[in-house]
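*Asks:* This is the structure I have questions about; it appears just below.
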Amino acid sequence: MAKVLVVEDDLVIADLICDFLEAEKFTAEKTHNGQDALHLLRTYSFDLVILDWELPDTSGPEICKEFRARGGHTPILFLTGKATVEDKATGLDAGADDYLTKPFHVIELGARLRALLRRQTGTAPSDVLSSGQISMDRAGHKVFRGTEEIALLPREFAVLEYLMVNKGRVLSAEAILDHVWETTSDATPDAVRTVVTRLRKKLDTGEPSLITTVYGVGYKIEQDK
């Protein structure tokens, strides 16, 4: 589940984009000004950024330039009413990866975001993940133990997906929080532990657990042997 930062000062458009992203199984975070956007980008991990041009306190290109100057590599898509060739060149030269003009259709927005994710990873993300008896249909938002479907809450699904995508790697509670939780929510290590506990109850049939705790470090799902 990719995490997207939406930087848009039009509250209606911001809500429309976030509703669409969440329906498409993205995690969406929004802000309405440039300084908050830069703070979020410095503090949290995002997979994509949707950036407006005209913001109350600064411009989209200035945000883009500062983020890139600080070493930020997250793909950025400009979504703006500025539609001239010169505007597009300015946005792309500032460090953006794509450019979509308003008015726009959410279907095209979704396609462009998926293309940016493919470009970032070098391949299309697999729709099916598996570990032992557990398999995940990412497109269908379903999880199975063998042929039995296991009902998961959205955050449980997102945590499990992040662990399965990074199978074999230890992920700290902070990394899981950055990737899965919205910054305005109750994002604490205890919240991660609670979700992991619920996942174990739903997914495990005995020992060892699908999710391993590496004490003092974080959590991981082992590579299949």
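The values are calculated or read from the model by the stated rules, or taken from the named source; none is laboratory data. Keep in mind it's a predicted model, so treat the numbers as computed, not measured. Cβ placement follows ideal geometry from the backbone for every residue including glycine, while neighbour counts extend to all protein chains displayed.
*Asks:* Quick one: would you say residue 129 is under 19 Å from the mean Cα position of the chain (by Cα), part of a strand (DSSP E or B) and at negative phi?
*Replies:* So residue 129 passes the test.
*Asks:* So, one more: What are the residue pairs meeting all of these: first residue in region 179-194, first residue closer than 18 Å to residue 160 by Cβ, second residue hydroxyl-bearing (Ser, Thr, Tyr) and modelled with pLDDT under 85, Cβ atoms under 8 Å, and 6 or more apart or on different chains?
*Replies:* 179/45
*Asks:* For region 14-31, what are the residues that are assigned to a loop (DSSP other than H, G, I, E, B) and touching a strand residue (DSSP E or B) at 6+ places or on another chain (Cβ under 8 Å)?
*Replies:* 26
*Asks:* I would also like to ask the following. With respect to residue 169, is the statement that it is surrounded by fewer than 18 Cβ atoms within 10 Å (Cβ to Cβ) and assigned to a helix (DSSP H, G or I) true?
*Replies:* Here the answer is no, as residue 169 does not meet what is asked.
*Asks:* Take residue 104 and decide whether it is modelled with pLDDT of 95 or more and either in the same structural domain as residue 201 (by TED's automatic domain parsing) or out of contact with any Pro (no Cβ under 6 Å at 6 or more places or on another chain) (or both).
*Replies:* No.
*Asks:* Among the residues of region 13-42, what is the count of those that are modelled with pLDDT of 90 or more, touching a Lys or Arg at 6+ places or on another chain (Cβ under 9 Å) and among the β-branched types (Val, Ile, Thr)?
*Replies:* 2
*Asks:* Does residue 71 qualify as being in contact with a Lys or Arg (Cβ under 6 Å, 6 or more places away or on another chain) and at pLDDT below 95?
*Replies:* Here the answer is no, as residue 71 does not meet what is asked.
*Asks:* Separate question: Considering only region 139-162, state which residues are aliphatic (A, V, I, L, M) and surrounded by fewer than 16 Cβ atoms within 10 Å (Cβ to Cβ).
*Replies:* Within region 139-162, 139, 151, 153 qualify.
*Asks:* Restricting to region 1-58, count the residues that are surrounded by 19 or more Cβ atoms within 10 Å (Cβ to Cβ), within 12 Å of the chain's Cα centre (by Cα) and acidic (Asp, Glu).
*Replies:* 2
*Asks:* Hey, another quick one. Of all residues in region 92-113, which are surrounded by 15 or more Cβ atoms within 10 Å (Cβ to Cβ), without any contact (Cβ under 8 Å) to a residue 40 or more places away in the chain and out of contact with any Asp or Glu (no Cβ under 9 Å at 6 or more places or on another chain)?
*Replies:* The answer is 95, 97, 98, 104.
*Asks:* OK, next. Scan region 49-70 and tell me whether some residue there is in a loop (DSSP other than H, G, I, E, B), within 26 Å of residue 159 (Cβ to Cβ), of a type outside the set (Gly, Ala, Ser) and out of contact with any Pro (no Cβ under 6 Å at 6 or more places or on another chain).
*Replies:* Going residue by residue through region 49-70, those that are in a loop (DSSP other than H, G, I, E, B) are 52-53, 55-58, 70.
Next, from what is left, pick out any that are within 26 Å of residue 159 (Cβ to Cβ): none.
No: region 49-70 contains no residue that is in a loop (DSSP other than H, G, I, E, B), within 26 Å of residue 159 (Cβ to Cβ), of a type outside the set (Gly, Ala, Ser) and out of contact with any Pro (no Cβ under 6 Å at 6 or more places or on another chain).
*Asks:* Continuing with this model, one more query. Under the condition of being among the basic types (Lys, Arg) and within 29 Å of residue 180 (Cβ to Cβ), which residue from region 66-91 is surrounded by the most Cβ atoms within 10 Å (Cβ to Cβ)?
*Replies:* Applying the filter and picking the extreme gives 68.
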